[in-house]
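Since the structure comes first, as structure tokens, the remarks are kept for the end.
The values are calculated or read from the model by the stated rules, or taken from the named source; none is laboratory data. Remember, it's a predicted structure, so these values are computed and weren't measured experimentally. Please note: Cβ atoms are built from the backbone with ideal geometry, for glycine as well, and neighbour counts cover all protein chains shown. Note: areas computed on protein heavy atoms with side chains; ligands, DNA, RNA excluded. Shrake-Rupley method; radii C 1.70, N 1.55, O 1.52, S 1.80 Å.
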Amino acid sequence: MPPIAPDALRTRPLLTGDLARLEPMGPAHADALADHLTDLHPDIRRLTGTHTRFTRDTARRWAATRPHHHDRADWAICDPRTHRLIGDCALIDFSAPDARAAYRIALYDTARLGRGIGTQTTRLVLDHAFDTIGLHRIELQVYEFNTRARRTYTACGFTEEGRLRDHLYWDGRHHDAILMSALSTDRPRT
């Protein structure tokens, strides 16, 4: 496996499918992101374990600075017909020497859950990570109660590796986080 450049995540291409258009996150998404994050649906907060309460200014500043971070790749998940922001995803915790990164995704509208958007988004990011960047391992954490996301990740090639016991405290009780990974060598060859 050839070495991966430390700034391999600097280039964030547009990734497109029929259900999701992944645009490199940047200033153009700042207002829409602020709209979503300052009024995040309680179910989305729970599924993602988001305790943070965002201000408009913080959300806007975060979106605007994404192009300056070369140790991660952030995309705005947009509706391919309307180009409206519907979520975000990222490759984070990047390690060039180890050829690995972590993955995270959030869809903001509960009505869009279960429609294949997360699955297509995840596959687009995995294809880019493995085929273009040359990563070997993508890892993630998903809460035990998020069965829909766990099914999606499994369908995309992730394998459960273990769990972080009592990792999230929500609604008066502790919940485990499931550790999953996908390896480039696990992918079917076409």
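Output the qualifying pairs, or none if there are none: Cβ atoms under 6 angstrom, residues six or more apart or on different chains, first residue in the stretch 70-97 and of a type in the set (Gly, Ala, Ser), second residue not in a strand (DSSP E or B).
Hits for this filter: Ala73/Leu9; Ala73/Arg12; Ala76/Met25; Ala76/His29; Gly87/Tyr108; Ala90/Arg72; Ala96/Ile4; Ala96/Pro6.
So that you can scan it fast, the table gives a plain yes or no per residue for (1) of a type in the set (Ser, Thr, Tyr); (2) open to solvent by 50 Å² or more (accessible area, probe 1.4 Å); (3) touching a Ser or Thr at 6+ places or on another chain (Cβ under 6 Å):
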site	(1), (2), (3)
Arg84	no, yes, no
Leu91	no, no, no
Ser95	yes, no, no
Arg100	no, yes, no
Tyr103	yes, no, no
Tyr108	yes, no, no
Gly114	no, yes, no
Gly118	no, no, yes
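Thr65 - would you say it is at pLDDT below 95, exposed (fewer than 15 other Cβ atoms within 10 Å of the Cβ) and part of a helix (DSSP H, G or I)?
When the stated conditions are applied, Thr65 passes them.
Scan the stretch 7-30 for residues that are among the acidic types (Asp, Glu) and open to solvent by less than 80 Å² (accessible area, probe 1.4 Å) and jot them down.
The answer is Asp7, Glu23.
Counting just the residues of the stretch 173-190 that are at pLDDT 95 or above and surrounded by fewer than 13 Cβ atoms within 10 Å (Cβ to Cβ), which one comes out nearest to Ala155 (Cα to Cα)?
Within the stretch 173-190, the match that is nearest to Ala155 (Cα to Cα) is His174.
Can you give me the number of residues within the stretch 124-154 that are crowded, with 16+ Cβ neighbours inside 10 Å, closer than 21 Å to Ile4 by Cβ and under 14 Å from the mean Cα position of the chain (by Cα)?
The qualifying residues number 8.
Within the group Ile44, Ile4, which residue is part of a loop (DSSP other than H, G, I, E, B), surrounded by 14 or more Cβ atoms within 10 Å (Cβ to Cβ) and in contact (Cβ under 8 Å) with a residue 60 or more places away in the chain?
After ruling out the rest, the residue left standing is Ile4.
For Ala76, only one of the following conditions fails: (1) among the hydrophobic types (A, V, I, L, M, F, W, C); (2) open to solvent by 20 Å² or more (accessible area, probe 1.4 Å); (3) touching a Leu at 6+ places or on another chain (Cβ under 9 Å); (4) at pLDDT 95 or above. What is its number?
Only one criterion in (1) among the hydrophobic types (A, V, I, L, M, F, W, C); (2) open to solvent by 20 Å² or more (accessible area, probe 1.4 Å); (3) touching a Leu at 6+ places or on another chain (Cβ under 9 Å); (4) at pLDDT 95 or above is unmet by Ala76, namely (2).
If only one of Thr122, Thr152, Thr132 is touching a residue at least 60 places away in the same chain (Cβ under 8 Å) and among the hydroxyl-bearing types (Ser, Thr, Tyr), which one is it?
Answer to the check: Thr132.
Looking only at the stretch 98-118, count every residue that is assigned to a loop (DSSP other than H, G, I, E, B) and either under 23 Å from Ala155 (Cβ atoms) or without any contact (Cβ under 8 Å) to a residue 60 or more places away in the chain (or both) and tell me the total.
Matching residues across the stretch 98-118 total 7.
Looking at (1) within 15 Å of Leu183 (Cβ to Cβ); (2) of a type in the set (A, V, I, L, M, F, W, C); (3) in contact with a Leu (Cβ under 6 Å, 6 or more places away or on another chain), which one does Phe94 not meet, given that it meets all the others?
Single failed check for Phe94: (1).
So, in the stretch 134-185, how many residues would count as being assigned to a helix (DSSP H, G or I) and either of a type in the set (S, T, N, Q) or more than 25 Å from Gly114 (Cβ to Cβ) (or both)?
Total meeting the criteria: 5.
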